[in-house]
Amino acid sequence: MRMLVTKVSKAKLTVDNQLISQIGEGYVVYFGVKTTDNEKLVDKCVRKLMNLRIYHDENDKLNLSLNKEKHQILVVSQFTLYGDATNNNRPSFTNAARPEHANLLYESFVEKLRNHGYHVQTGVFGAHMTIDATYVGPFNLMYEIEA
């Protein structure tokens, strides 16, 4: 399972020029599921995201995690995180989970974050989405966990 976590001051997601979701300050999380991923890995990703300390404290140190009252999360399913162009110029996506499996774990990830009290918005699974985000830093962090 892979998460590309990006800090944003705001983001909005549209499909066919229709606004689907938008957030203020927080994270855009691109969430990729591999063929062998399972629910246990979802739990680990939720814990990692909740405890990730990538906000600056009063001493300008990366010591603060997401604040449920202040920050929001936009989670976007992203099978292309498992694209592999090592041997070719056209990426292969054979390591990405099939849509049925990926969607179950994606929805579980979102639900578990919401159950912990986070304000979570989503994209549309499998749709061609346009994301307009104002990145902070920019700060991007790739997190990968394997079974």
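The values are calculated or read from the model by the stated rules, or taken from the named source; none is laboratory data. All values reported here derive from a predicted model rather than from experimental measurement. Virtual Cβ from ideal backbone geometry, glycine too; neighbours counted across all protein chains shown.
Quick notes on this one:
- Residues within segment 106-139 that are buried (at least 16 other Cβ atoms within 10 Å of the Cβ) and farther than 25 Å from ILE54 by Cα, tallied: 2
- The condition of being in a loop (DSSP other than H, G, I, E, B) and over 16 Å from the mean Cα position of the chain (by Cα) holds for only one of GLU100, GLU69, that being GLU69.
- Top-ranked residue in segment 81-93 [being surrounded by 11 or more Cβ atoms within 10 Å (Cβ to Cβ) and either among the hydroxyl-bearing types (Ser, Thr, Tyr) or touching a residue at least 12 places away in the same chain (Cβ under 8 Å) (or both); ranked as farthest from ASN115 (Cα to Cα)]: SER92
- Lone unmet requirement of (1) acidic (Asp, Glu); (2) more than 17 Å from the chain's Cα centre (by Cα); (3) modelled with pLDDT of 95 or more for ASP132: (2)
- Only one entry of LYS10, LYS40, LYS48, LYS44 meets the criterion of being at pLDDT 95 or above, closer than 24 Å to TYR118 by Cβ and touching a Gly at 6+ places or on another chain (Cβ under 8 Å), and that entry is LYS10.
- Residues of segment 36-65 satisfying the condition of being more than 16 Å from the chain's Cα centre (by Cα) and among the basic types (Lys, Arg): LYS40, LYS61
- Cβ-Cβ under 9 Å pairs, at least 6 apart or on other chains, segment 95-115 side farther than 9 Å from VAL42 by Cβ, far side in a helix (DSSP H, G or I) and of a type in the set (Gly, Ala, Ser): ALA96/ALA102
- Yes/no for VAL120 being closer than 18 Å to LEU19 by Cβ and either within 15 Å of the chain's Cα centre (by Cα) or assigned to a helix (DSSP H, G or I) (or both): yes
- Counted residues, segment 45-66 - those being of a type outside the set (A, V, I, L, M) and either assigned to a strand (DSSP E or B) or in contact with a strand residue (DSSP E or B) (Cβ under 8 Å, 6 or more places away or on another chain) (or both): 8
- When LYS68 is tested against (1) more than 17 Å from GLY26 (Cα to Cα); (2) out of contact with any helix residue (DSSP H, G or I) (no Cβ under 7 Å at 6 or more places or on another chain); (3) not hydrophobic (A, V, I, L, M, F, W, C), exactly one condition is not met: (1).
- Boolean, GLY32 is over 15 Å from ARG114 (Cα atoms) and in contact with a helix residue (DSSP H, G or I) (Cβ under 6 Å, 6 or more places away or on another chain): yes
- In segment 28-41, residue surrounded by the most Cβ atoms within 10 Å (Cβ to Cβ) [restricted to those that are farther than 27 Å from THR134 by Cα and out of contact with any His (no Cβ under 9 Å at 6 or more places or on another chain)]: LYS34
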